[in-house]
Amino acid sequence: MVAAVFCKRHTASMPLKSTRYAILFGAYGGDHLGDAAILGGVLMSLAERYGVSQAFVCSFRPSRTRRLTRQLDTGVQTEVIPFDFLRILRLMRGSSYLVWAGGPITNRPRLLWRNLALILLARVFRVPVILDRIGINEPDNILNRTLVRLAMACATNISARSQSSARAVARLSGRECVASADPAFDYCRSREGRTAMTDDERRRVDDLTMRPQGTILVCVNARPATRASRTADFSRLLSEFAHGLSLFAGSRRTRFVFIPMEDEVDPGRDIDAANEMANYLNAAVDFRVWRPAPSIDAMLRLLRSSDGAVTMRLHAAIFALSQGVPTLGIDYSKTGSGKVAELFEDRGEAERVIRIQEMNAGRLTELLTRLVVEPKGSSNQDSGDSWRSPAGTGT
């Protein structure tokens, strides 16, 4: 209660500073390419809106976060540091902003306590706190709800990455919240014409995209069913997903490329989903897996050369949509309306989502045909099934 009063008393009167470095925290340490792209978009925004030229990113696994952030090109000098309160305390004295950016506010009390402690430390040093385009899972108990409300009470600025998250913030904080597109959109769109790939990645993209004339290239992403928290429904979803791809490929020449968003360093990652799906696919299906996970720029280049995408991960969908790729989303939330569904609903494309409860091979094939094949057929009526991809990669 004392903390809440303190935060409310200081938030309204505290002006945003005009000096130049920020401390960032969020879901860093268990990163994937989507987290890196979020960070890139946030850094670009901080530079543009507040003149930030340097940032310190707090991570509970710094080496992992460094691997991903090295590929970012934002104009902001970035250093990844351990989530160590003594070190952060020294940095906080001269910091311009504390920014919660990356990953949703989740129902994990330990993480909420840690993040709230950091926010309260910022208030002691009169450092403005920015919650930048956050997602939020509705708190599931009184403790989590209290911690989230305290964090929001201390925030100088709050924005959300979806209309649903904005409504949740308004309910919990009693203040208006603006909904904006996920920061990863900003970073991915900024990479158009600025591709930075290794020679190996360039060769890999060429190998995956070069295909016989008339062959459709569809990028695929899925999450594995091997996590303990997942149920038999998840395995059924992957099975139906794979059978739907087999049906689609059975009536037209198709190449599927699985795009992992995570490193292969831990079990239960995207590569495990690729292996699970491969077991269900018809042996004749052209199904390829990019491993290890590509860089952001390499994945975007592949997507720009594709004809469509089917994705389960939120940020796999964002990567595809940011490049104008026709995209079908699969929402795996048990509630029936998770963050993937929210993304497409906010874009006015709710018909491009299949929820886990509705998933079956026939429906996936029907929607993918409607999304990828029919628009091409209507604009290439003279060429039958021999149309070439927009990127002109047919051979």
Residues of segment 217-264 satisfying the condition of being modelled with pLDDT under 95, touching a Pro at 6+ places or on another chain (Cβ under 9 Å) and of a type in the set (Val, Ile, Thr): Thr226
So in segment 145-160, with the set limited to residues that are touching a Lys or Arg at 6+ places or on another chain (Cβ under 6 Å) and not hydroxyl-bearing (Ser, Thr, Tyr), which one is nearest to Tyr97 (Cα to Cα)? Cys154
Of all helices (runs of 4 or more DSSP H) fully inside segment 79-196, the set with 1 or more residues that are hydrophobic (A, V, I, L, M, F, W, C) and more than 18 Å from the chain's Cα centre (by Cα) is 85-92, 109-124, 142-153, 163-173
Over segment 224-261, the set of residues touching a strand residue (DSSP E or B) at 6+ places or on another chain (Cβ under 9 Å) and outside any helix (DSSP H, G or I) is Arg252, Arg253, Thr254, Arg255, Phe256, Val257, Phe258, Ile259, Pro260, Met261
Test Ile38 against the stated conditions and say whether it is outside any loop (DSSP other than H, G, I, E, B), at pLDDT 90 or above and either within 22 Å of Phe125 (Cβ to Cβ) or outside the structural domain of Arg87 (by TED's automatic domain parsing) (or both). no
Mind checking which residues of segment 329-353 are surrounded by 18 or more Cβ atoms within 10 Å (Cβ to Cβ) and touching a Phe, Trp or Tyr at 6+ places or on another chain (Cβ under 9 Å)? Gly329, Ile330, Asp331, Tyr332, Gly338, Val340, Arg352, Val353
Only one residue in Ala273, Ala293 is over 22 Å from Pro212 (Cα atoms) and assigned to a helix (DSSP H, G or I), so which one is that? Ala273
Filter segment 197-206 for residues that are assigned to a helix (DSSP H, G or I) and out of contact with any Leu (no Cβ under 8 Å at 6 or more places or on another chain); the one that is farthest from Gln71 (Cα to Cα) is Asp206
Assess whether Ala317 counts as being at pLDDT 90 or above and in a loop (DSSP other than H, G, I, E, B). no
Within segment 276-289, considering residues that are part of a loop (DSSP other than H, G, I, E, B) and of a type in the set (Gly, Ala, Ser), the one surrounded by the fewest Cβ atoms within 10 Å (Cβ to Cβ): Ala283
Among the residues of segment 271-284, is any within 19 Å of the chain's Cα centre (by Cα), at pLDDT below 95 and of a type in the set (Asp, Glu)? yes
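The values are calculated or read from the model by the stated rules, or taken from the named source; none is laboratory data. Here the structure is a predicted model, which is why all the values come from computation and not from measurement. A quick note on method: Cβ atoms are made from the backbone with ideal geometry, for glycine too, and the neighbour counts reach across all protein chains shown.
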